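Let me begin by handing over the structure; questions about it come next.
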Amino acid sequence: MPTALTRALSPLLGECELTHLQRTVIDIEKAQKQHKEYENALEKMGYTIRRVAETPHLPDGVFVEDAAVVFPEVGIITRPGAESRRTETESVGAVLSEYRDLQTITAPGMLDGGDVLTLGKEVFVGLSKRTNREAVQQFADILEPFGYTVTGVPVTKCLHLKTAIAVIDEDLLLINPEWIDESLFPGYRCEYVSENEPYGANVIRKKNMALCPKAFTNTAEWLHKKGYEVLAIDQSELAKAEAGLTCCSILIED
Ligand code: GLY
């Protein structure tokens, strides 16, 4: 049964890591409501929500995507790039071990799950402020025996690789061409986000449904025209923490 791992957001979310955004006040109560709306939408898409242990002392703990990456054959516990986020992985690993055998990224490797884009047996890993070459090599060592290829791709203009690119269909990617070079993904059709929705390339698509932030009306319209039922949710407070939709869950498909 498809499962989405999530975590309650910390009351300290306003003290989160920020890389490309200026800090603005986050309304915690509103953010909690938006997070619940996010979980409800994932349930509508067919996922069972499983919350990992709360970590109220960790401002970015709600962004569980960065703590682990799941493949059908193995789960990989990361070593997040931001020092303040390193201990988020323990509680995620405790739950994920019920679903997968686990491997772990070790120092000097560092990697955020938001930098990992999986396209079938091809895995692209963003080389960003949060993810380094040592971790990409460790990823390759873990995944190549299962038949995957692992390729590092530069990410300099946004936080994570998946800030700038989303898998819409087997061969269709939605990208922000200002932030990521489409020639890094040969063999895939790339369509561009609307210029005034630079963060629009972070949506979650499952079967005929697509989850999209309410603020990105052009992206929602584009998804609708592609034939998807669009679930539009307000993520304004979580966006202030430099988070996209994928950041708040780890999706386990079976
Ligand atoms: N605030 C999300 C992150 O920087 O990891």
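The values are calculated or read from the model by the stated rules, or taken from the named source; none is laboratory data. Note that the structure is a prediction, hence the values are computed from the model and not measured. Ideal geometry is used to build each Cβ from the backbone, glycine not excepted, and the neighbour counts take in all protein chains shown.
Going through T106, T48, T24, T118 one at a time, which residue ends up being within 26 Å of V230 (Cβ to Cβ) and exposed (fewer than 13 other Cβ atoms within 10 Å of the Cβ)?
T48
Quick one: count up the residues across segment 152-170 that are touching a strand residue (DSSP E or B) at 6+ places or on another chain (Cβ under 7 Å) and either within 19 Å of D101 (Cα to Cα) or exposed (fewer than 13 other Cβ atoms within 10 Å of the Cβ) (or both).
Of the residues in that region, 1 qualify.
Is one or more of the residues making up segment 51-71 touching a strand residue (DSSP E or B) at 6+ places or on another chain (Cβ under 9 Å), at negative phi and loosely packed, with under 15 Cβ neighbours inside 10 Å?
yes
Let me confirm something: among K240, K206, which residue is surrounded by fewer than 24 Cβ atoms within 10 Å (Cβ to Cβ), within 16 Å of the ligand (Cβ to nearest atom) and of a type outside the set (F, W, Y)?
The conditions single out K240.
Output the number of residues of segment 75-84 satisfying the condition of being within 16 Å of the ligand (Cβ to nearest atom) and either more than 18 Å from the chain's Cα centre (by Cα) or not in a loop (DSSP other than H, G, I, E, B) (or both).
3
Any residue in segment 2-20 that is within 14 Å of the ligand (Cβ to nearest atom), out of contact with any Gly (no Cβ under 8 Å at 6 or more places or on another chain), β-branched (V, I, T) and farther than 22 Å from V155 by Cβ?
Looking through segment 2-20, none of the residues is within 14 Å of the ligand (Cβ to nearest atom), out of contact with any Gly (no Cβ under 8 Å at 6 or more places or on another chain), β-branched (V, I, T) and farther than 22 Å from V155 by Cβ.
Quick check, is S249 touching a residue at least 24 places away in the same chain (Cβ under 8 Å), in contact with a strand residue (DSSP E or B) (Cβ under 8 Å, 6 or more places away or on another chain) and either surrounded by 15 or more Cβ atoms within 10 Å (Cβ to Cβ) or on the phi < 0 side of the Ramachandran plot (or both)?
Against the criterion (touching a residue at least 24 places away in the same chain (Cβ under 8 Å), in contact with a strand residue (DSSP E or B) (Cβ under 8 Å, 6 or more places away or on another chain) and either surrounded by 15 or more Cβ atoms within 10 Å (Cβ to Cβ) or on the phi < 0 side of the Ramachandran plot (or both)), S249 qualifies.
To keep it simple, each residue is scored yes or no on (1) part of a helix (DSSP H, G or I); (2) at pLDDT 95 or above; (3) away from the ligand (no atom under 15 Å from the Cβ).
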{"position": "E73", "(1), (2), (3)": "no, yes, yes"}
{"position": "L117", "(1), (2), (3)": "no, yes, yes"}
{"position": "F124", "(1), (2), (3)": "no, yes, yes"}
{"position": "K129", "(1), (2), (3)": "no, yes, no"}
{"position": "I142", "(1), (2), (3)": "yes, yes, yes"}
{"position": "V150", "(1), (2), (3)": "no, yes, yes"}
{"position": "V153", "(1), (2), (3)": "no, yes, yes"}
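Next question. Of the conditions (1) of a type in the set (S, T, Y); (2) farther than 16 Å from K162 by Cβ; (3) surrounded by 14 or more Cβ atoms within 10 Å (Cβ to Cβ), T78 fails just one. Which one is it?
Unmet condition: (2).
Can you find even one residue in segment 27-44 that is surrounded by fewer than 13 Cβ atoms within 10 Å (Cβ to Cβ), assigned to a loop (DSSP other than H, G, I, E, B) and modelled with pLDDT of 95 or more?
Looking through segment 27-44, none of the residues is surrounded by fewer than 13 Cβ atoms within 10 Å (Cβ to Cβ), assigned to a loop (DSSP other than H, G, I, E, B) and modelled with pLDDT of 95 or more.
Applying the selection to segment 186-239, what residues are basic (K, R) and touching a residue at least 60 places away in the same chain (Cβ under 8 Å)?
K206, K207
Hey, can you tell me all the residues within segment 85-115 that are closer than 16 Å to V74 by Cα, part of a helix (DSSP H, G or I) and among the basic types (K, R)?
Within segment 85-115, no residue meets the criteria.
Of the conditions (1) more than 21 Å from G120 (Cα to Cα); (2) surrounded by 23 or more Cβ atoms within 10 Å (Cβ to Cβ), A215 fails just one. Which one is it?
(2)
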